[in-house]
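The values are calculated or read from the model by the stated rules, or taken from the named source; none is laboratory data. Computed from a predicted model, the values in this text were never measured in an experiment. Note that we place each Cβ from the backbone using ideal geometry, even for glycine, and neighbour counts take in every protein chain shown. Ligands, DNA and RNA are stripped out before the accessible areas are found, and what is left, the full protein with its side chains, is counted by its heavy atoms. Shrake-Rupley method; radii C 1.70, N 1.55, O 1.52, S 1.80 Å.
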Amino acid sequence: MNHIKKTYIIVTIFLAIIFGLLIATFNFTTKLIEREQTETILLERDNVSLEVVHYFHTIETILDNIEIFIENNYNNDDELLTYITDISESNDFIFSIYLGKPDKTMINSSGFVPGDDFDLTTRLWYEMAIASDSHIYTPAFINASEDAIIVTAAKTIYFGEDIFGVLAIDIDIKSITSVVSETKVGENGYVFLIDKNNHLIAHPDLINDEVVLHLSSLTDNHLISQGDGFIDEITIDDEKGVIAYRQIANNSYTISAFMPIDEFSSPMEVFRQVIIIVFVVVIASALILLFVFKKQIDNPFKNLISDILDINIDKNIAYRLSENNNKQFKPVISAINNMLDSTDYYFTKSKESQRKLTLENQRVKLLMESTGDIIFEINKDKVFISVFGNGIKKLNMKPEDFIGKTITQVFGDNGNERDKIYTKALQGEHSIYDWHHKTNNKILYFESSISPIYDEDNIIIGAVGISRDITEPMEKQKQIEYISTHDFLTGLYNRRYFVETFSKIKEKQYPVGLMMLDLNGLKILNDAYGHDIGDKALKKAAKTILKITPSKATVSRIGGDEFAIILPNTSNEELQQVKSKIDEALNKITIENVPLSIAIGYEISNDYNSELQELLKNAENSMYRSKITEGKSIRNNTIQAIFETLTNKYEQEKIHSERVAKISYKIGKAMKIKADDLKELKLAGLYHDIGKITIPDSILNKPTKLTKDEFDIIKKHTENGYNILRAADQYSNLAEYALSHHERWDGLGYPQGLAKTQIPLFSRIICIADAYEAMTSKRPYKEAITKKEAIEEIIACSGKQFDPSIAKIFIEKVLKNQ
């Protein structure tokens, strides 16, 4: 029976809670509705107030503008009268604007002139303005023609500290009264306006266009105090209600919003009735539910409990509940019987599951032991209790070396950092960390992850981790880092590393020296022998520089042929010594018969606070000065070395160049070219084929006729020769002759297709000398022809391949043949 009593108690408590909630809801909602009604009245009051205040603000602006006019532009009364008349006529709501002076004279836009017995200083508007420091508004009054209700706005005007007069405006407030009278508050509420004398200026009940000042029924003025306010119980014209008021225009008027009490309270009354209906419905529903509960649930439930108490799995596991005597709880009975069936089934299966679990544990253990990783478990004391995986073998260790020991006992001080991570894991923090171990003179890198283990009560009892060998990706990462900071060709640091190192120079490294180096003649080597030889020169230079500089220095290749050395804690003497050693060592190295040389400049800074960019600029300028001083002779020597290499390597080329130079000289002499120019012409003939140093031996020495592709390669020697000679100041003029000595008079030559006098004179001379020498000399691919045959060929090609005038001089004056 206890459960029945509890049910009734619960129902009673439930009804009490519902009743309390309804009461609380009623109180809260009533207050909310009352607040919303109040806000509605206040909102209407504020909206109308804004319009009325705006109207009065317009009047005050007009008064202020006239005051500014008087202060800044007043010359005489006529100008002032014209100004205020224009303002009065442009504003329909203004009856007149006038200025009353202390001498009792008046300037009036309406033309009104007071009589001698009219003392304007005794008028209310004048006295109120004199007594106030700001704008004033008089109580409303009916004008003399009794066709409008007027309000006078006035303000005292000063000239310096003296009173100039009182400026006043008579205003028709009909526009205000229409706005106020037409505004409704709710369904039956309204807005009205009264002045200081309690005159009702605007009210919905006032007859349209009626010009009458009514006394307000709000005779109890003490009900409305200064400023804003709200009265929740007031009677106006025998009607109770609520009112929200606000005083405006310097407290000259009061605007009020009124709502009848019936309308104000109506939503609250409706809500009260709804609450009563809801409460009645809840009570009735509760009684009905209680009756149904008794008949359909309580009694059948007691029978179900009795049947459940008869269950005894230990004595009879096959016992099941009967479904015939308790139809209301048939699903529950079926569920209990299903549970009993499941219990019987799982009891039978438990032994099989236990057997499978044992097998699974063996599989997991074998899997962990066969993995290439290291899997480990520690207890709360950070002692290893299990270690698996083939990764242990990489450490040259066994699980027995770990079991029963801490990480510091296994690895010594190298395990201190991991010991701290294990502590965090036992505090509930998952961690991923890296560590390394040296074995067999090799460093192995591992990435590990460790997480806490929790028991059934969510208490940490240890931690489990896994360590994976990441040596190979780590080494690849180091290779990437090396590539990102080193020059791929020379192995020195690259420009990026130099910039980072240079920008991070520390105070303790001062005095610091910066040495800038530029390998001379690299472009000439590249043009003459190809970039492989140029790269060889760079490697030799880099190796020599690195060998000579102190170990504390940072040596970088920062450009194609540029190097930089940062020397911390140095001196001028040390920098000069390093410079001298580099110069001396490189001068002993030759590449393709060309001795290496390098332009070096350096600068030292003793002040940590000085600008590093200034140090860099000064070092570069020093290097450029060195390059300008030494570079010219070095490039010239390089050209001579290249030519010697070519002629030493190919004896036929040496003979050919010398003969072309001699023939060209003779032609120039026959053409009466100046002696100095003859020297240049002879030198041009000597170096005209220097570009052949870039042509492969297999083509130059080919005994048979060249193919089209091979001939195209041969033709490149003019451009290559141009590039080589142009790099040296002494030979820069010869570059153009080397480039164009295969151009033809008819424009069919190469490489530019120049014609006639577009071709430089010396090139036209060399063209004939080169052709004649080639025809009369033996080559691997042809026999020499006779002088006569060569002359006939030159005559035949005159005007086509050769300049006809030069060809004529060559044949007649050099070869002495008519």
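Residue 533 meets each of the listed conditions (1) in a helix (DSSP H, G or I); (2) buried (at least 19 other Cβ atoms within 10 Å of the Cβ); (3) touching a helix residue (DSSP H, G or I) at 6+ places or on another chain (Cβ under 7 Å) apart from (2).
Against the numbered list (1) among the hydrophobic types (A, V, I, L, M, F, W, C); (2) open to solvent by 20 Å² or more (accessible area, probe 1.4 Å); (3) touching a strand residue (DSSP E or B) at 6+ places or on another chain (Cβ under 9 Å); (4) touching a residue at least 12 places away in the same chain (Cβ under 8 Å), residue 69 comes up short only at (3). Regarding residue 774, is this residue among the aliphatic types (A, V, I, L, M), part of a helix (DSSP H, G or I) and modelled with pLDDT under 85? Criteria met by residue 774.
Scanning the range 379-394 for residues being over 12 Å from residue 466 (Cβ atoms), at pLDDT below 85 and either among the aliphatic types (A, V, I, L, M) or within 48 Å of the chain's Cα centre (by Cα) (or both) gives a total of 3. Considering the range 559-591, the residues that are part of a helix (DSSP H, G or I) and hydrophobic (A, V, I, L, M, F, W, C) include one that is modelled with the lowest pLDDT, namely 586. Among the residues of the range 540-574, the ones that are more than 45 Å from the chain's Cα centre (by Cα) and within 20 Å of residue 621 (Cβ to Cβ) come to 1 in all.
Is it the case that some residue within the range 401-412 is acidic (Asp, Glu), open to solvent by less than 90 Å² (accessible area, probe 1.4 Å), under 24 Å from residue 460 (Cβ atoms) and at pLDDT 85 or above? Within the range 401-412 (the criterion being acidic (Asp, Glu), open to solvent by less than 90 Å² (accessible area, probe 1.4 Å), under 24 Å from residue 460 (Cβ atoms) and at pLDDT 85 or above), the answer is no, since none of the residues qualifies. Say we look at the range 482-498 and pick out the residues that are among the aliphatic types (A, V, I, L, M) and within 13 Å of residue 557 (Cβ to Cβ); which of these is surrounded by the most Cβ atoms within 10 Å (Cβ to Cβ)? Across the range 482-498, the extreme among qualifying residues is 492.
In this structure, residue 110 qualifies as open to solvent by 70 Å² or more (accessible area, probe 1.4 Å), under 25 Å from residue 253 (Cβ atoms), in contact with a strand residue (DSSP E or B) (Cβ under 9 Å, 6 or more places away or on another chain) and not basic (Lys, Arg). Residue 479 fails exactly one of the following numbered conditions: (1) open to solvent by less than 100 Å² (accessible area, probe 1.4 Å); (2) in a helix (DSSP H, G or I); (3) without any contact (Cβ under 8 Å) to a residue 60 or more places away in the chain. What is the number of that condition? The single condition residue 479 does not satisfy is (1). Within the range 408-432, residues that are farther than 14 Å from residue 449 by Cα and free of Cβ contacts under 8 Å to residues at least 40 places away in the same chain reach partners that are among the charged types (D, E, K, R) and in a helix (DSSP H, G or I) with beta carbons closer than 6 Å, at six or more positions or on different chains, in the pairs 408/419.
I'm trying to understand the selection: among the residues of the range 397-448, which are part of a loop (DSSP other than H, G, I, E, B) and on the phi > 0 side of the Ramachandran plot? The answer is 404, 428, 440, 441.
Under the condition of being buried (at least 18 other Cβ atoms within 10 Å of the Cβ) and on the phi > 0 side of the Ramachandran plot, the residues counted in the range 149-167 number 1. Annotation: of all residues in the range 49-77 being charged (D, E, K, R) and within 56 Å of the chain's Cα centre (by Cα), the one that is farthest from residue 227 (Cα to Cα) is 64.
When the range 397-420 is filtered for residues that are farther than 14 Å from residue 376 by Cα and β-branched (Val, Ile, Thr), only 408 remains.
Applying the set (1) out of contact with any Asp or Glu (no Cβ under 9 Å at 6 or more places or on another chain); (2) free of Cβ contacts under 8 Å to residues at least 60 places away in the same chain; (3) more than 23 Å from residue 501 (Cβ to Cβ); (4) not acidic (Asp, Glu) to residue 596 leaves exactly one unmet item: (2).
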